[in-house]
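The values are calculated or read from the model by the stated rules, or taken from the named source; none is laboratory data. This one's a predicted model, so the numbers in the text were calculated from it and none came from an experiment. Here the Cβ positions follow ideal geometry from the backbone for every residue, glycine too, while neighbour counts run over all protein chains shown. Please note that ligands, DNA and RNA were not included when accessible areas were found on the heavy atoms of the full protein model with its side chains. Shrake-Rupley method; radii C 1.70, N 1.55, O 1.52, S 1.80 Å.
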Amino acid sequence: MVLLGATGLAMPNSVASALSRHGSAAGSAAAVVGFAQFGAAAVAAPAVGLLGNSARAIAIVMTGAAALALAGFVATRGGRTVGRTIGERAAAG
């Protein structure tokens, strides 16, 4: 339940963030985001079926997907922190 609730909060914001950075190509950016979502579902559904089509199989696939998302986040951040520290904000003015 917690993961689904968090997804409901994160997905609209992540899509809006992705589209805001590419305003001149918003249609193409929306298509890429939709493709990624449908692609993930196309991989996840058969994976659940192969694992036995049970609640445990769904939990395993969801945990694996969350781990992949976290790994992708860490890999693309390049060791940077998510936000600026209080000292950095003060120095920036």
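General observations
- Residue-level check: of (1) at pLDDT below 80; (2) part of a helix (DSSP H, G or I), ARG80 misses just (2).
- Considering segment 50-59, the residues that are closer than 21 Å to PHE38 by Cβ and part of a helix (DSSP H, G or I) include one that is least open to solvent (accessible area, probe 1.4 Å), namely ALA57.
- Tally of residues being of a type outside the set (Val, Ile, Thr), open to solvent by 70 Å² or more (accessible area, probe 1.4 Å) and closer than 27 Å to ILE58 by Cα across segment 25-41: 3
- Where VAL43 falls short, out of the listed (1) among the hydrophobic types (A, V, I, L, M, F, W, C); (2) modelled with pLDDT under 90; (3) assigned to a helix (DSSP H, G or I): (2)
- Tally, over segment 10-28, of residues that are modelled with pLDDT of 80 or more and over 11 Å from the mean Cα position of the chain (by Cα): 5
- Hits in segment 11-24 (condition: surrounded by 12 or more Cβ atoms within 10 Å (Cβ to Cβ) and part of a helix (DSSP H, G or I)): MET11, SER14, VAL15, ALA18, LEU19
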